[in-house]
Amino acid sequence: MHSIDRLRPRPFVGLALGGGGARGYAHLGVLKALYRAGISVDIIAGTSMGAVVGAAYAAGHGIEEMQAIALSMRWHYLLQLADITVPRRGIIAGCRLEHFFAMLTDNKEFHELKTTLKVVATDIVTGEEVRLTTGSVARALRASTALPGIFCPVRIDNRILVDGSLVAAVPTAAVMEMNPLVLIVVDVSSPVDNAGILLKARKWFKQKLPVLATRSGLWQPLSRVVPESLIFVNRSLELCSKSSPDRYWPIPTGGVTIVVRPAVQNIKWYELHQASRCIKAGEIAGTEAAKYITSLFESNMLNSERILKPLFGNEVCSS
């Protein structure tokens, strides 16, 4: 197979990496496959775990180095990064996690990265998608991974930011701003993380709790002591209930769009010990996508006006 980097002119390639906790390790496998095929990535947008992987890559870390870090990561280590705080806005402050992200990205700011990066977070107040492209990469990652109710929100530029997955599970639009000729969308979401039960519980509490509390005379006292973290959780569930069922739209009207879904759908977000399986699944799906991109380039089809959206690696991996 030819390396696209040896051919000129090389296509402008954008990569959108979605959130999904441990399943996000599959992004490493996709990057590994693209690198092996000689396909360079010009811009990366990442949400949550996708932002973490994308940032480490953009900072210049090699795939093998990133894979070694992923395989060594376990919950007992992550728990050491948990700086417990008074649960007003969250249980974990997130300062230690930001320090870890700083080490992972060599304490770089966005303008120092080797690959253009956009980190996607959610403005919990307005419900808007926020694309972070300046300042500290570590702080941006802290915002993009701040799960409401668990981690304290992060204030950046007078915005209160939390996990980007609430409004952009796969940050396709963030990459589209740069008009890449080839857009690779990597989706590691899964029904096993479905928030349906929580959304039903929220609906019930929203309807019943004020009535019960008012009847018992507890509504005013309760409203004064309810921690802000619960308000953020409620707001995040509200945003989830409004999210679009088609996470890939809007799709660009020109060039090539490729959707890659590594076979990780039955792996839960917290199963860090499944890193090896996730990376392998990403590598398999990424290899298929890389072959397709190379074939389009060699057949001079990348300048086609039509939209191409093949789906690679959509089978669920076995336990």
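Here are the numbers:
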read-out: Candidate set: the range 169-181, residues that are open to solvent by 20 Å² or more (accessible area, probe 1.4 Å) and in a loop (DSSP other than H, G, I, E, B); chosen: the one nearest to residue 48 (Cα to Cα); value: 169
read-out: Long-range neighbours under 7 Å by Cβ, at least six apart or interchain, first residue touching a residue at least 60 places away in the same chain (Cβ under 8 Å) within the range 69-82, second open to solvent by less than 80 Å² (accessible area, probe 1.4 Å) and of a type outside the set (A, V, I, L, M); value: 70/25; 71/276
read-out: From the options 55, 45, 16, residue that is modelled with pLDDT of 95 or more, in a helix (DSSP H, G or I) and of a type outside the set (Asp, Glu); value: 55
read-out: Subset of the range 89-111 [in contact (Cβ under 8 Å) with a residue 40 or more places away in the chain, out of contact with any helix residue (DSSP H, G or I) (no Cβ under 7 Å at 6 or more places or on another chain) and farther than 13 Å from residue 61 by Cβ]; value: 91, 92, 93
read-out: Flag if residue 103 is modelled with pLDDT of 95 or more and more than 23 Å from residue 285 (Cα to Cα); value: yes
read-out: Among (1) of a type in the set (Gly, Ala, Ser); (2) on the phi < 0 side of the Ramachandran plot; (3) surrounded by 15 or more Cβ atoms within 10 Å (Cβ to Cβ); (4) out of contact with any Lys or Arg (no Cβ under 6 Å at 6 or more places or on another chain) - the single one residue 38 does not satisfy; value: (2)
read-out: Search result, residues across the range 60-95 that are among the hydroxyl-bearing types (Ser, Thr, Tyr) and modelled with pLDDT under 85; value: 77, 85
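The values are calculated or read from the model by the stated rules, or taken from the named source; none is laboratory data. Keep in mind that what you see is a predicted model, and the values were worked out from it rather than measured. Don't worry about glycine lacking a Cβ; one is built from the backbone with ideal geometry, like all the others, and counts go over all protein chains shown. Please note that ligands, DNA and RNA were not included when accessible areas were found on the heavy atoms of the full protein model with its side chains. Shrake-Rupley method; radii C 1.70, N 1.55, O 1.52, S 1.80 Å.
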